[in-house]
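The values are calculated or read from the model by the stated rules, or taken from the named source; none is laboratory data. Quick caveat: nothing in here was measured; it's all calculated off a predicted structure. All Cβ positions, glycine included, derive from the backbone under ideal geometry; neighbour counts span all protein chains shown.
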Amino acid sequence: MALLNLRFWRFLPILALLVVSCEDADDFNNVIEQVSCSDGIQNGDETGVDCGGSCPQCIDGLDFSGVYVQQDIAGRPAINSVFNINGPLQDAFNRAAVTARGAQDVISGSSNLTFPQVFKDNIDLYFVGYALNEAPVSFQTNVLGFDAPGFAEFLATTDALQLAADGPTTYRSADLWFTGRQLTDDVMDTTLLLLYGGAEGDRFDGVNGPMLISDGVGLGNRVFLSDFPYLEAPLTQ
């Protein structure tokens, strides 16, 4: 009996530590908070998400200072497929930097072709076979003031989306053009309007000649999310 009591008292300190440990974690809710300036939440002495307090200063709004270098391409869908109908030239366009697509930039693998020249030739082809009042037609200065060569160079050298420092983000809305793009923007109708609409945007509008300034495909009943990634909600059936 004495031996059993001795063993019991020998393990008593260990049992006491276990009880204290369990009470400390479960009963007193003593949780150690791991605060950092990169955990994606506002905590500690932060005045914003991962900024302020002991973290870097919070920026009120977007900071557009500094020098920007354009990196992205293919920001405007359909330009390459609509105005560059040759497969190898399409591949070359996708590989070329936006800054290397101007009127003085010879296409890689070509002896003398430039993307504005290729686009201008294809713009001319899009008017073959069309007529207004039985008279052949060609590209007419569009609503942005571009003639055919100017429009071709604009398409080739501004394939990347621009970013507006202020104002709404839109591909086209009333008199505002190309400050970005929302999923609800009709990119094809905007492209067709600039191609066929003429100076007032009503050329080939279905009344003045055939309907060519719209593809007739609308948004339908699609509803996009208001938060990132802004895509349409997944189907549930």
Does at least one position in segment 72-84 carry a residue that is farther than 27 Å from residue 196 by Cα, surrounded by 16 or more Cβ atoms within 10 Å (Cβ to Cβ) and modelled with pLDDT of 70 or more?
no
Filter pass, residue 202 being of a type outside the set (Ser, Thr, Tyr) and under 28 Å from residue 154 (Cα atoms)
yes
Here is a check on your reading of the model: is residue 130 among the aromatic types (Phe, Trp, Tyr), surrounded by 12 or more Cβ atoms within 10 Å (Cβ to Cβ), within 27 Å of residue 114 (Cβ to Cβ) and touching an Asp or Glu at 6+ places or on another chain (Cβ under 8 Å)?
no
Any residue at all in segment 168-191 that is in a loop (DSSP other than H, G, I, E, B), under 25 Å from residue 223 (Cβ atoms), modelled with pLDDT of 85 or more and under 18 Å from the mean Cα position of the chain (by Cα)?
yes
Is segment 165-172 home to any residue that is touching a residue at least 60 places away in the same chain (Cβ under 8 Å) and surrounded by fewer than 15 Cβ atoms within 10 Å (Cβ to Cβ)?
yes
Counted residues in segment 127-137 being under 16 Å from residue 205 (Cβ atoms) and either modelled with pLDDT of 90 or more or not aliphatic (A, V, I, L, M) (or both) come to 4
In segment 163-197, anything touching a Ser or Thr at 6+ places or on another chain (Cβ under 9 Å) and among the aliphatic types (A, V, I, L, M) is listed as 163, 164, 176, 188, 192, 193
Could you pull out the residue among 44, 48 that is at pLDDT below 85 and either out of contact with any Phe, Trp or Tyr (no Cβ under 9 Å at 6 or more places or on another chain) or among the basic types (Lys, Arg) (or both)?
48
Which of the residues spanning segment 197-232 are touching a residue at least 60 places away in the same chain (Cβ under 8 Å), at negative phi and out of contact with any Gly (no Cβ under 7 Å at 6 or more places or on another chain)?
208, 210, 212
